[in-house]
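Written below as structure tokens is the structure these notes are about.
The values are calculated or read from the model by the stated rules, or taken from the named source; none is laboratory data. Quick caveat: nothing in here was measured; it's all calculated off a predicted structure. FYI the Cβ positions are ideal-geometry reconstructions off the backbone, even for glycines, and counts take in every protein chain you see. The area values use the complete protein model at the heavy-atom level, side chains included, leaving out ligands, DNA and RNA. Shrake-Rupley method; radii C 1.70, N 1.55, O 1.52, S 1.80 Å.
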Amino acid sequence: MATESTLPAQPKSILRGHKAQVHAAAFIRRNERLLTGDAEGFVVAWDLTIMRPKAVWRPHTSAILGVSEWGPDKVITHGRDNKLIVWQFGLEDEARLSTTLPLDPSTEARPQPWLLHVLEVNTMNFCSFSHCPVSSSSDSSTSSELLVAVPNTLASEAIDIFHLPSQTRRHTVKLGDKNGMVMALSLFHHHQSSSLTLVAGYENGVAIVAHLDPTTNRTTSSNTWAVTYKSAPHSQPILSLDISPKRDFFLTSGADAVIAKHPLPHAVAKVQTGQQQQQQQQQPLKAVNTKHAGQQSLRIRSDGLVFATAGWDAKVRVYSAKTLKEVAVLKWHQVGCFAAAFAEIALPSPSSEDSSNEVVVEDRQGGGTDVLAAQAAEGVVRGAAQPVEGIVLTKPNQALTAVPKLVELTVRDKRIIQARTAHWLAAGSKDGKVSLWDIF
């Protein structure tokens, strides 16, 4: 008889509503919402406190390639209709949007959020966009300006970098003539050098890292990009890549069965020994033949410990980011998976031992913030039904006040805490369903 520990893992929830295959997924608003996009151009914003749709609209007339958050009140969608669109999508905007799912028949057109910006882009490559703040000292969640990287409109092997909100093209990057189409890319500022860095994966299995010359004049078309790493660990096209949270390595997966871990050299690296240094920058840190072809939508969790892939074989695989060893296989869907996304993981503060037991709950009516600190807080977060004794209730800039009686969170607060702190892994499939797992 199988025990509970030997039974295969099961998803915590199944989100049903898409009529077409799910191509993109992203957690937003501190994990309270999950955005999913399908092959018919629909986007659904799921409320993870109740596992129900909170907003449904059709931003594109063709398949969704990517979705992402820009601050607390904007969303970026990228479709195969050659458009990248920025939408006004704050909490207050949800009230006027439809909750009728794509799977449900609707005679009325679903209203759309307020449209802020539109970029005409190339989507022949099936390559989704990447974005980062204009300045290395800014954060995407607070920055009013973004740089957005997409495949070039005319040359599919080149990459355009646009500026928002001006909607102007800042750079066109061409890193080779014989690599084929750009299949995956990432744009960010390197932590060590603060230089604008572009990582691209190509149709011929090559991965390239390039940095923008800091002396480049933005007002002219003279853009100098230095290639600091180039490797070809894949025998077939690269399907996805992701950058580690510490910006010290990146991972690639391809149509073959290989997953590779690559270095991220920074722009100020000196070529000390000529040929020897060049040879070092041609080799990945590690490459593993997983024997499972067609793993895509590779995503590294925000703590940098694990990453996941969505497989053509209908399985979601979780790997150790350090060793690239498979640590879990999640099987629920009966057809191929195309999208995977991790929720943001709140890391404990190293300054205090007690900080790991703190749970932040917003005061929706008063606008303040309560901190519930208790030894048993983890039990509440993970779904314990019993109230917690000995909780200390504080307000910002006020002294601690002991509460001698039992304090029990409301059902809504418990759901908010669960949504924000669960280690969610979402997987979108060809069957139009999204499986939601709580792992590690």
Can you spot a residue in the stretch 330-350 that is at pLDDT below 95 and touching a strand residue (DSSP E or B) at 6+ places or on another chain (Cβ under 8 Å)?
yes
Apart from one, (1) open to solvent by 20 Å² or more (accessible area, probe 1.4 Å); (2) within 27 Å of Leu251 (Cβ to Cβ); (3) among the acidic types (Asp, Glu) all hold for Glu108; the odd one out is (2)
Could you check, for the stretch 45-63, whether at least one of its residues is in contact with a Lys or Arg (Cβ under 8 Å, 6 or more places away or on another chain), basic (Lys, Arg) and over 28 Å from Ile439 (Cβ atoms)?
yes
Of everything in the stretch 56-105, what is surrounded by fewer than 17 Cβ atoms within 10 Å (Cβ to Cβ) and of a type in the set (Val, Ile, Thr)? Give them in sequence order.
Thr61, Thr99, Thr100
Listed by first then second residue, the pairs whose first member lies in the stretch 45-74 and is on the phi > 0 side of the Ramachandran plot, whose partner is buried (at least 21 other Cβ atoms within 10 Å of the Cβ), with beta carbons under 7 Å and at least 6 positions apart or on separate chains, are Met51/Leu15
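Being open to solvent by less than 10 Å² (accessible area, probe 1.4 Å), farther than 16 Å from Pro263 by Cα and either in contact with a Pro (Cβ under 9 Å, 6 or more places away or on another chain) or at pLDDT below 95 (or both), is that true of even one residue in the stretch 138-145?
In the first step, residues of the stretch 138-145 are kept if they are open to solvent by less than 10 Å² (accessible area, probe 1.4 Å); the result is none.
No, because not a single residue in the stretch 138-145 is open to solvent by less than 10 Å² (accessible area, probe 1.4 Å), farther than 16 Å from Pro263 by Cα and either in contact with a Pro (Cβ under 9 Å, 6 or more places away or on another chain) or at pLDDT below 95 (or both).
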Are there any pairs with C-beta distances below 6 angstrom linking a residue in the stretch 235-258 that is farther than 17 Å from Gly180 by Cα to a residue that is open to solvent by 10 Å² or more (accessible area, probe 1.4 Å) and among the acidic types (Asp, Glu), with the two at least 6 apart or on different chains, and if so which?
Leu251/Asp242
What single numbered condition from (1) among the hydrophobic types (A, V, I, L, M, F, W, C); (2) outside any strand (DSSP E or B); (3) under 16 Å from Val22 (Cβ atoms) fails to hold for Ala95?
(3)
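Please pick out the residue among Ser62, Ser106 that is assigned to a loop (DSSP other than H, G, I, E, B) and closer than 22 Å to Asn152 by Cβ. Even if it seems obvious, please write down each step before you answer.
Numbers: Ser106 fails: closer than 22 Å to Asn152 by Cβ.
On inspection, the qualifying residue turns out to be Ser62.
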May I ask you to list pairs of residues, at least six apart or on different chains, whose Cβ atoms are under 7 Å apart, with the first in the stretch 19-40 being within 18 Å of Cys337 (Cβ to Cβ) and free of Cβ contacts under 8 Å to residues at least 40 places away in the same chain and the second being part of a strand (DSSP E or B) and open to solvent by 30 Å² or more (accessible area, probe 1.4 Å)?
Ala39/His23
Within the stretch 257-273, of all residues that are closer than 18 Å to His191 by Cα and surrounded by 13 or more Cβ atoms within 10 Å (Cβ to Cβ), the one modelled with the lowest pLDDT is Ala269
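The rows are residues; the columns are (1) open to solvent by 10 Å² or more (accessible area, probe 1.4 Å); (2) of a type in the set (D, E, K, R).
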position	(1), (2)
Ser13	yes, no
Gly17	no, no
His23	yes, no
Arg29	yes, yes
Thr36	no, no
Ala39	yes, no
Phe42	yes, no
Ala45	no, no
Arg52	yes, yes
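Would you kindly identify the strands (runs of 3 or more DSSP E) lying entirely within the stretch 143-210 that contain at least 1 residues that are over 15 Å from Leu84 (Cβ atoms) and in contact (Cβ under 8 Å) with a residue 60 or more places away in the chain? Break it down stepwise before answering.
On the way: elements: 146-151, 158-164, 168-174, 182-189, 196-202.
So the answer is 182-189, 196-202.
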